[in-house]
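The values are calculated or read from the model by the stated rules, or taken from the named source; none is laboratory data. All values reported here derive from a predicted model rather than from experimental measurement. Quick reminder, even Gly has a Cβ in these numbers, built from the backbone with ideal geometry, and neighbours come from all protein chains shown. Side chains included, ligands, DNA and RNA excluded: accessible areas come from the protein's heavy atoms. Shrake-Rupley method; radii C 1.70, N 1.55, O 1.52, S 1.80 Å.
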Amino acid sequence: MNYLRLTLIVCSAVIALSYGGKSLIPPPPACLPPKAVTPGATPAAGSITGVTAVPVATFETAWSMDFLTDDRILIAERGDVAVQQPGQLWVMTTDGTRVKVTGMPPNTGIYYVLRSPDFVTSRRVYISYFEPGGPNEPRRGRNASDTNFRPEGLTVLRAQLDLAANMPTLGNVEVIWRQEQIVPIPTGFQIGAYMAFSPNGRYLFIAGGARDEFEGIQNLDNALGKTVRIFPNGDIPPDNPFAQTPGARGDIWTLGHRNRPVAKVGIRGFPFGVKSDSRFGCRGFALSG
C-alpha cells in the first residue's frame with residue numbers, strides 16, 4: 001500500500017535548542033509567547049548566507065505540525081485514508097525524540113493541529129480530524145453505495161495537552177465543530193481541515209473541503225466547500241454573514257472554495273483576513289473585521 005512518507009528536518013539554529021537529556025519527554029521548557037502581529041508591517045530586508053538541514057525524524061503520513069514550546073512540536077500523522085485508518089498524534093523534541101499522545105477520540109484520520117494563542121496558560125490545542133459515523137448514520141454522498149467505507153465527517157476538538165506526564169495526554173476534550181458526515185470517495189481529496197486564529201485570538205477559522213462532492217456545495221445548509229468562523233469555544237459569532245438567515249448554517253463565513261489548501265490569517269497587510277487560495281471556485285480575501 002502506498003504511503004506519503006515525510007522526513008522532518010530542522011536547521012542547525014533550531015537543533016541548538018534541542019534538549020540534551022536522554023529521557024523520552026524532558027521537563028517542560030519555557031513556552032513560546034503568542035505571536036504578535038503588526039498590521040501592515042514589512043519585515044526588514046536581510047540575506048540568508050546558508051542553511052544546514054538535518055533530518056530528525058521520518059513519518060509515513062505526517063500531515064501537520066505546530067511548535068508548542070521552544071523545543072517540542074505537536075505532529076499529526078494522518079493515517080491511510082484508503083482504509084480509513086485512525087491517525088496518530090506525537091509530541092517530538094527538536095532532536096527527533098518522540099512519544100505518542102493518548103486521549104484522542106475514535107477517528108478515521110487526523111489532519112491539522114494548532115496551539116491556542118493562550119497555550120502558555122491554558123495548555124489548549126485544537127485538532128481537526130475525521131469522526132466516524134455510527135451504525136445508524138445515514139449514508140450520504142455520491143459514494144454512498146460503497147459499503148467498504150463508513151460515513152465520516154470533518155470534526156474539530158479542543159483539549160488540554162498535559163506535557164508534564166511521561167505519556168502526553170489530551171484532557172478535557174470538547175468537540176466544538178462538525179461538518180456533515182458523508183461516505184468518502186476512496187481518493188480522500190478536498191478535505192480542507194486547515195485552521196487559523198485571527199491575530200487577536202478572538203475567532204477560529206476552519207476550512208471545510210468539498211469532499212469531492214458535486215451537488216449542494218453552494219447550499220447554505222452545509223459546510224462543504226466553505227470557510228467557517230466560530231469563537232474558540234465553538235459558539236457562532238452573531239455578525240457572521242448568514243447567522244440570521246433561516247435554514248443556513250450560521251458558522252459559514254465564505255463559500256464556493258471547493259478545496260482550501262491553505263488558510264492564513266493576517267498576511268499581505270490585511271490584519272484580520274483569511275486568504276482564499278483555492279484550486280476551484282473563488283479567490284480573494286474575506287476580512288473578519
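Here the simple spin-label model places points 7 Å from the Cα toward Cβ, and for Asn233 and Asn200 these points are separated by 1.8 nm. Inter-part distance, segment 71-147 to segment 200-252, computed on C-alpha centroids, equals 21 Å. For Trp63, the residues whose modelled amide H falls within less than 5 Å of its own, excluding neighbours fewer than 5 places apart on the same chain, are Ala76, Glu77, Arg78. Legend: calculated FRET efficiency, Lys100 to Asn219, from the Cβ-Cβ distance at R0 = 30 Å, rounded to 0.05, equals 0.15. Residue by residue, segment 202-218 carries 3J(HN,Hα) couplings of 7, 10, 10, 9, 10, 8, x, x, 7, 6, 6, 8, 10, 9, x, 5, 8 Hz when phi is fed to the Karplus relation 6.51 cos²θ - 1.76 cosθ + 1.60 (θ = phi - 60°); x denotes Gly or Pro. Taking θ as phi - 60° and the Karplus parameters 6.51, -1.76 and 1.60, the scalar couplings of segment 72-83 work out to 10, 10, 8, 10, 9, 10, 4, x, 8, 5, 5, 10 Hz in sequence order, x denoting glycine and proline.
Within segment 210-251, whose backbone N sits under 20 Å from a point 7 Å along Cα→Cβ of Arg139? Under 20 Å, as judged by backbone N against the label point of Arg139, lie 211-215 of segment 210-251. Counting only heavy atoms of the protein chains and using a 1.4 Å probe, Arg150 has close to 110 Å² of accessible surface. For Ile176, nonlocal amide neighbours, meaning residues 5 or more places apart or on other chains whose placed amide H falls under 5 Å from its own, are Val156, Leu157, Arg158. Of the heavy-atom accessible surface of segment 64-144 (probe 1.4 angstrom), what whole percent is carbon and sulfur? Here it works out to 50 percent. When the Cα positions of Asn148, Gly133, Val173 are compared along the charge dipole of segment 125-174, Asn148 comes out farthest toward the positive end, with charges on each C-beta of Lys, Arg, Asp and Glu. Residue by residue, segment 167-173 carries 3J(HN,Hα) couplings of 10, x, 9, 7, x, 6, 6 Hz when phi is fed to the Karplus relation 6.51 cos²θ - 1.76 cosθ + 1.60 (θ = phi - 60°); x denotes Gly or Pro. For segment 67-138, what does the accessible surface come to per residue with a 1.4 Å probe? Please give it in Å². Result: 33 Å² of accessible area for each residue. When the square roots of the Cα gyration tensor eigenvalues are ordered a ≥ b ≥ c, the ratio a/c for segment 74-135 is 1.5 or more and a/b does not exceed b/c, which makes its shape oblate.
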